[in-house]
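All remarks here apply to the structure that follows.
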Amino acid sequence: MASSTSEQKKPVVHVEFTKGFNGFDKVILRQSRGISAEIYLYGAHVTSWRNELGEELLFVSNKAMFKPPRAIRGGIPLCFPQFSNFGSLEAHGFARNRVWIVDPEPPPLPTSSPNKASVDLLLKPSEDDLKIWSHSFEFRLRITLSPGGDLTLTSRIRNIDSKPFSFTFAYHTYFSVSDISEVRVEGLETLDYLDNMKNRERFTEQGDAVTFEGEIDKIYLSTPTKIAILDHERKRTFVLRKDGLPDAVVWNPWDKKAKAMADFGDDEYKHMLCVEAAAIEKPITLKPGEEWRGRQELSAVGSSYCSGQLDPRKVLMGG
Ligand code: BG6
């Protein structure tokens, strides 16, 4: 009794600025119990998200290199100003391999429920960035960890140029799963998708939940605002909610591609799945002075339910 009282009295340090691999600046967000998240200023990259038991919910490769210009393999890389690798811009854009700063002028926090475990980061293009993508912008990212452990990323991208610009975007989220062959994704069935493995040809998904038995690289279009990733073996369901992001990418490199990637272990594909809230099919266009907002909220709940029972409200309550 006495020890639990003294533990309760220990104040939680909600935001800590520290150093990570290779001396990179890192922010740790904390709530009570084991709930935490870690963010590298390199890429404004979330590299860890833990639940109340301290269990890691995101996948980061054992071979991830924390070394510019390579993006960190795993966690949540930000794809901006482009998803994929069209034209002269590097694959998935440059936001994921630039050093962000803590926002000196963050947007106001909602007064109703100010969340103490929150950080605001900012990216503005450097002179060199403007040579490869000639548009002035301010990219503000707010990352919040709720007392219950939900992780929310809100991006605000503002055009501060004198001409319009367009971009595509993704929160390239790597979920940690027990065994990819036991995982199913619900919410994407019957939707149209562009198959990245077939020159982005358009197909329609079958009526069943998406399951995995080989490489997958698809961009689902006009997806619902909630998608569930069910990990049967671990009895865990991730619920991804999104706003301003109509598309959803599902990616797993499987064995052959895994072996070809220098920063990814040969067998690691079994323990990860990317489901990425995105805006790809219809690029976002901003006129001078305009701002776009895109939000991704992640919850992880214990569950053992089967296909067809997707009702995120029930899932959340059941957790
Ligand atoms: C996915 C893409 O989002 O990211 C894949 O759909 C790509 O085509 C994958 O291979 C990984 O990209 P990168 O640049 O991080 O190796």
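Derivation of every value follows stated rules applied to the coordinates shown; laboratory data play no part. Remember, it's a predicted structure, so these values are computed and weren't measured experimentally. Cβ sites come from the backbone with ideal geometry, for glycine too, and all protein chains shown count toward neighbours.
Any idea what the dipole of the chain comes to, in debye rounded to 20, about its Cα centre with Lys/Arg Cβ at +1 and Asp/Glu Cβ at -1? Kindly include the intermediate steps, with their values, before the conclusion.
Values: 42 positive and 44 negative charges, 153 e Å.
Here the chain has a charge dipole of around 740 debye.
Lys270: which lysines have alpha carbons under 19 Å from its alpha carbon, excluding same-chain residues fewer than 8 sequence positions away?
Reachable lysines: Lys63, Lys218, Lys235, Lys256, Lys257, Lys259.
Give me the one-decimal nm value for the distance between modelled label points at Leu53 and Trp254, 7 Å along each residue's Cα-to-Cβ direction.
3.1
For the chain, what does the helix formula give at 222 nm: sum of -39500 (n - 2.57) over DSSP H segments with n ≥ 4, over the residue count, nearest 500 deg cm²/dmol?
Numbers: 4 runs with 28 residues, N = 319.
Calculated at 222 nm, the ellipticity per residue is -2000 deg cm²/dmol.
Extension gain Ile160-Asp267, at 0.36 nm per residue separation less the Cα-Cα distance, in nm?
Numbers: separation 107, 0.36 × 107 = 38.52 nm, distance 4.43 nm.
Value of the extension gain: 34.1 nm.
Can you work out the Karplus-derived ³J(HN,Hα) for every residue in segment 190-202? Use 6.51 cos²θ - 1.76 cosθ + 1.60 with θ = phi - 60°, whole Hz, and x for glycine or proline.
Calculated HN-Hα couplings, in order: 6, 8, 7, 9, 9, 8, 5, 7, 10, 6, 6, 5, 9 Hz.
If you take the beta carbon distance between Leu89 and Thr285 as r and set R0 to 25 Å, what does 1/(1 + (r/R0)^6) give as a FRET efficiency, to the nearest 0.05?
Details: r = 17 Å, r/R0 = 0.66.
It comes to 0.90.
Distance from a point 7 Å along Cα→Cβ of Met197 to each backbone N in segment 246-267: keep the residues under 13 Å and list them by number.
Under cut-off, by backbone N: 250-258.
Explain nothing, just compute: Karplus ³J(HN,Hα) = 6.51 cos²θ - 1.76 cosθ + 1.60, θ = phi - 60°, for every residue of segment 172-188 in order, whole Hz, x for Gly and Pro.
So the J values, rounded to whole Hz, are 7, 7, 9, 7, 8, 10, 5, 7, 3, 6, 9, 9, 9, 10, 10, x, 10.
Who wins for biggest fluctuation among Val177, Val15, Val275 in a Gaussian network model of the chain, springs between alpha carbons below 10 Å?
With Cα springs under 10 Å in the chain, the top fluctuation among Val177, Val15, Val275 is at Val15.
Please give the residues of segment 9-40, grouped as numeric ranges, whose backbone N is less than 12 Å from a label point set 7 Å along the Cα-to-Cβ vector of Lys67.
22
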